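The values are calculated or read from the model by the stated rules, or taken from the named source; none is laboratory data. Being a predicted model, the structure only gives us computed values, none of them experimental. As a convention, Cβ positions derive from the backbone with ideal geometry for all residues, glycine included, and neighbour counts pool all protein chains shown.
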Protein chains: 2
Amino acid sequence: MRQKASTVVTMADVARSAGVSTMTVSNVINGRPRVGAETKERVLAAIGELGYQVNLAARHLRAGRTGVVGLAVPELENPYFAQLAGRLADRFEAHDLRVVVERTGASREREMEAVAFSRLRMYDGLILSVVDIDPAELGQLRTDAPVVLIGERALPSRFDHVMMDNVDGARQATAHLLATGARRVAMLGGEPDGAANMPALRAEGYALAHAEAAVPVDPRLNIRSSFRLQDGYEGIRALLDRGIGFDAVFALNDVVAMGALRALADAGLRVPADVQVIGFDDIDEAAYLVPALSTVSPGHAEMADRITALLTAQITDGPTGEPQEIVVPARLVHRATTTPLS
Amino acid sequence: MRQKASTVVTMADVARSAGVSTMTVSNVINGRPRVGAETKERVLAAIGELGYQVNLAARHLRAGRTGVVGLAVPELENPYFAQLAGRLADRFEAHDLRVVVERTGASREREMEAVAFSRLRMYDGLILSVVDIDPAELGQLRTDAPVVLIGERALPSRFDHVMMDNVDGARQATAHLLATGARRVAMLGGEPDGAANMPALRAEGYALAHAEAAVPVDPRLNIRSSFRLQDGYEGIRALLDRGIGFDAVFALNDVVAMGALRALADAGLRVPADVQVIGFDDIDEAAYLVPALSTVSPGHAEMADRITALLTAQITDGPTGEPQEIVVPARLVHRATTTPLS
DNA sequence: CTGAAAGCGCTAACAT
DNA sequence: ATGTTAGCGCTTTCAG
């Protein structure tokens with residue numbers, strides 16, 4: 001399993017071939033000024049001939065930085081994360097930092113912690129979407145590497161942390177449903193494991209709105225599942241098959257809302273006349289569904305701006321004093337799957 | 001802008017604190033067998049106390065490998081790529097390789113080449129989705145690092161290359177439309193720059209089907225644009241506004257098809273009764289749209305399997321002799337936006 | 001303008 | 001069972 005060391009061209013090879021020192025080669029490659037024009041050409045020629053490429057591992061070891069920030073998300077396929085990744089990539093590009101995305105595999109907190117933190121040193125900074133992590137685990141991590149957490153509710157931690165207002169967003173969404181006459185609001189998506197994770201928070205907002213409107217919650221309307229399209233579809237089908245009536249659906253994210261819309265259409269139910277539907281996340285697709293999906297916008301731009309600002313600050317200035325904790329407000333987006341207020 | 005070297009804990013620090021050599025620390029960390037139980041504990045304790053974390057840059061420099069494979073795609077937000085990334089991550093995990101995804105920014109071939117190849121050495125292997133790259137540029141690259149190209153038509157290159165059958169998929173899709181009575185098939189999406197890029201190939205299949213069916217093509221039905229939802233929407237709107245009649249839409253990908261579906265619905269046109277619609281890519285969302293989108297499936301599983309096999313082979317066995325060129329067949333998926341064949 | 005020396009943090013190979 | 005030596009490929013001093 002050995003590498004064929006002979007095929008790897010090093011800087012020393014180039015230097016030898018061009019009859020200069022490695023230092024001069026280094027200078028040419030990095031476009032440093034004080035190199036003779038003719039020398040430069042000789043070096044460039046040698047590089048071309050030998051097909052030399054810098055060894056970034058060595059460069060990084062030396063430089064102590066990599067120029068890349070990692071973004072660790074539970075899953076790549078979820079449009080929310082894919083779109084977040086795009087927005088962050090845009091912003092970090094402006095700071096000459098490249099974003100690379102990796103997957104943690106969600107709920108499995110072990111894996112997440114392991115992956116994300118063992119690799120910390122590969123990155124100048126890490127943006128970690130915490131899904132289900134135990135605050136205690138976070139607490140034991142010894143590192144002053146630049147890290148920004150995104151996702152859940154306030155965590156006791158020494159890391160900067162930006163979150164969307166899950167509870168309030170869910171409250172607003174549910175309240176709108178209730179205010180426009182719904183009395184039996186199904187809640188769809190999210191695993192039923194306690195914890196302060198995202199589904200739990202959105203569920204909290206759902207409960208809150210019911211309490212405020214003094215509308216009782218029927219626990220049978222609580223359909224928990226994973227967050228795929230299929231889960232949204234099957235959740236609604238299950239409700240229908242079991243004959244459990246409902247006049248609105250609060251989907252814990254837009255993806256399951258999409259699945260729900262489909263199930264409703266298949267059942268011949270009209271949206272929003274028979275059943276209102278509202279999602280969460282405001283993914284790009286929401287506006288283009290038929291009918292267009294009402295949803296909760298978690299403030300995409302502000303979120304991305306905050307994350308970028310926080311992380312770049314840490315990277316350039318080193319560990320900051322107090323960890324910041326930023327809550328980006330959520331906003332209802334009314335489209336065609338809900339009935340307007342009055 | 002100096003790093004605070006004092007806060008970085010190295011293996012030597014741990015060794016000193018535990019009263020052993022760095023080698024012993026290394027052995028403990030890597031779980032190598034021949035370490036005394038009591039020594040091990042001392043080391044572990046020191047690690048915990050100091051909050052030591054391995055420096056992966058150094059490890060990689062030493063090991064000559066990183067355990068990560070890069071996936072460079074034009075854009076993260078496109079569900080096709082997001083879903084591809086997920087499938088690849090699954091498969092590479094089985095080989096103890098982690099996939100990290102980065103964005104090349106599509107069409108700008110310079111950037112793409114630059115990004116993808118300058119970083120080659122960071123990865124044990126690279127999967128590069130070539131969008132618009134000039135074969136000549138690829139040709140000049142000197143490297144025998146493991147690379148698998150995905151995307152377009154056959155390229156003269158020394159890299160393994162797996163592609164979907166763009167032309168045939170498009171031909172099948174268009175042929176179905178024509179066979180079920182459509183005579184004016186709008187083609188939607190894709191920049192109109194010549195080249196052997198994806199849009200051009202799918203356009204070729206479109207033309208081919210028309211030729212085979214002896215149906216003339218009205219160039220005004222060719223609406224080229226970018227590949228966002230909005231572009232699909234606006235493309236159809238433009239056709240409608242200009243009063244250019246059409247009875248079917250071949251969308252160059254599912255995302256623009258989604259936009260088109262929405263525009264059609266807004267205009268009160270029934271799908272497929274008034275206008276048939278077919279997309280390309282078979283993204284997960286397609287099956288859940290209302291109505292469910294007929295599309296061309298590019299053989300997702302086979303594609304991912306092939307890519308994984310090719311790249312892992314290169315990584316473990318070194319440069320192979322002949323570069324492989326694999327075309328994964330495309331298959332029509334009939335759902336609700338097209339009328340069935342007779 | 002160019003070069004020599006030293007060392008980033010780690011681990012394979014060889015002592016002990 | 002543990003330590004010593006050497007060096008991965010690069011770049012930062014500091015000398016020419």
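For segment B:59-78, the count of residues that are part of a helix (DSSP H, G or I) and either closer than 30 Å to residue A:79 by Cβ or away from DNA strand C (no atom under 16 Å from the Cβ) (or both) is zero. Here are the criteria: (1) within 8 Å of chain B (Cβ to nearest Cβ); (2) within 16 Å of DNA strand C (Cβ to nearest atom); (3) crowded, with 21+ Cβ neighbours inside 10 Å. Tell me which single one residue A:55 does not satisfy. All conditions are met except number (3). The residue pairs whose first member lies in segment A:35-48 and is within 14 Å of another protein chain (Cβ to nearest Cβ), whose second member is surrounded by 13 or more Cβ atoms within 10 Å (Cβ to Cβ) and not hydrophobic (A, V, I, L, M, F, W, C), and whose beta carbons are closer than 7 Å, counting only pairs six or more residues apart or on different chains, are A:46/A:17. Any residue at all in segment A:58-70 that's away from DNA strand D (no atom under 16 Å from the Cβ) and within 24 Å of residue A:131 (Cα to Cα)? There is at least one residue in segment A:58-70 that is away from DNA strand D (no atom under 16 Å from the Cβ) and within 24 Å of residue A:131 (Cα to Cα).
Residue-level check: of (1) at pLDDT 85 or above; (2) in a loop (DSSP other than H, G, I, E, B); (3) more than 12 Å from DNA strand D (Cβ to nearest atom), residue B:91 misses just (2).
Selection over segment A:283-334 of residues that are without any contact (Cβ under 8 Å) to a residue 60 or more places away in the chain and acidic (Asp, Glu) gives a count of 3.
For segment B:306-322, the criterion of a residue being of a type outside the set (Ser, Thr, Tyr), touching a strand residue (DSSP E or B) at 6+ places or on another chain (Cβ under 7 Å), closer than 30 Å to residue A:291 by Cα and within 11 Å of another protein chain (Cβ to nearest Cβ) is satisfied by no position. Listed by position, the strands (runs of 3 or more DSSP E) contained in segment B:230-302 that have at least 2 residues being of a type in the set (Val, Ile, Thr) are B:276-278, B:295-297. The set of residues in segment B:9-28 being within 14 Å of another protein chain (Cβ to nearest Cβ), surrounded by fewer than 18 Cβ atoms within 10 Å (Cβ to Cβ) and more than 6 Å from DNA strand C (Cβ to nearest atom) consists of B:13 alone.
Among the residues making up segment A:61-87, those that are within 30 Å of residue A:318 (Cα to Cα) and without any contact (Cβ under 8 Å) to a residue 12 or more places away in the chain are A:61, A:62, A:63, A:64, A:82, A:86.
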